[in-house]
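The values are calculated or read from the model by the stated rules, or taken from the named source; none is laboratory data. Only a predicted model underlies this, so the values are computations on that prediction, with no experimental measurement involved. Heads up, the Cβs are rebuilt from the backbone with ideal geometry, glycines too, and the neighbour counts pull from every protein chain shown. Protein only, heavy atoms only, side chains kept; ligands, DNA and RNA dropped before computing areas. Shrake-Rupley method; radii C 1.70, N 1.55, O 1.52, S 1.80 Å.
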Amino acid sequence: MDKRISVIIGDITKQTTDAIVNAANTSLLGGGGVDGAIHRGAGPPLLEECRTLNGCATGEAKITKGYNLKAKYVIHTVGPIWNSGKNNEEEILADCYKNSLSLAIKNKITSISFPSISTGIYRFPTDKASKIALKEINSFLKKDKTLQSIVIVCFDKNTYDIYLSHFD
């Protein structure tokens with residue numbers, strides 16, 4: 001595993017990386033879980049900017065300012081809803097990471113924090129999701145030297161333990 005990747009238990013809204021990734025819904029207008037927490041932390045200007053983006057397709061990513069967050073930017077990506085793996089969920093989740101990382105590079109971001117995308121209310125199995133996340137991040141870092149720090153911010157110890165079990 002690339003040494004620029006770390007896994008922690010914490011609150012993604014408190015991260016000091018250049019950007020944090022929002023596990024958003026397609027409207028980008030806020031919701032529950034990580035999405036709601038980021039919108040609350042950033043304040044009303046985030047919602048106003050998101051209204052100008054015309055939503056975001058599943059697997060894609062869009063960027064906004066961070067407003068009242070410590071992070072300068074929020075990269076919004078829409079993860080797949082788990083449906084027994086029958087609708088290309090694994091490939092779509094991989095796209096979330098690839099597109100978020102590409103958008104970070106395009107915006108000269110050198111540090112980024114990710115949540116465990118789609119493993120909350122979208123019910124993507126955390127074991128599968130963590131393998132995909134780590135594979136995509138590690139693969140991206142082999143080709144790109146711009147990113148200096150990638151933090152995977154786990155909401156709880158169970159998620160953290162699962163990510164660590166795939167951290168080799």
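Some points to look at:
- 3J(HN,Hα) from dihedral phi, segment 85-99, Karplus parametrisation 6.51/-1.76/1.60, rounded to Hz, x for glycine, proline: x, 8, 10, 6, 4, 5, 5, 5, 5, 4, 4, 4, 5, 4, 5
- Once backbone amide H atoms are built at 1.01 Å from N, ILE9 has CYS154 as its partners under 5 Å, excluding neighbours fewer than 5 places away on the same chain.
- Calculated SAXS-style log₁₀ I(q)/I(0) at q = 0.13 Å⁻¹ - the chain, Debye, Cα scatterers: -0.54
- A full extension of the chain between LEU29 and LYS142 corresponds to an added length of 37.3 nm, given 0.36 nm per residue minus the alpha carbon distance.
- Segment 20-130 - percent of accessible surface contributed by carbon and sulfur, probe 1.4 Å: 50 percent
- Restricting attention to segment 73-151, lysine pairs at least eight places apart or on different chains and with alpha-carbon atoms under 16 angstrom apart total 13.
- For segment 31-168, the solvent-accessible area with a 1.4 angstrom probe is 49 square angstrom per residue.
- Rg/Rh for segment 94-168, where both radii come from Cα atoms and Rh is the Kirkwood radius: 0.96
- With a cut-off of 12 Å on the backbone N, the residues of segment 9-27 near the modelled label site 7 Å out from PHE167 along Cα-Cβ are 9-10.
- Taking each residue as 0.36 nm, the span from ASN68 to ILE9 lengthens on full extension beyond its C-alpha to C-alpha distance by 19.1 nm.
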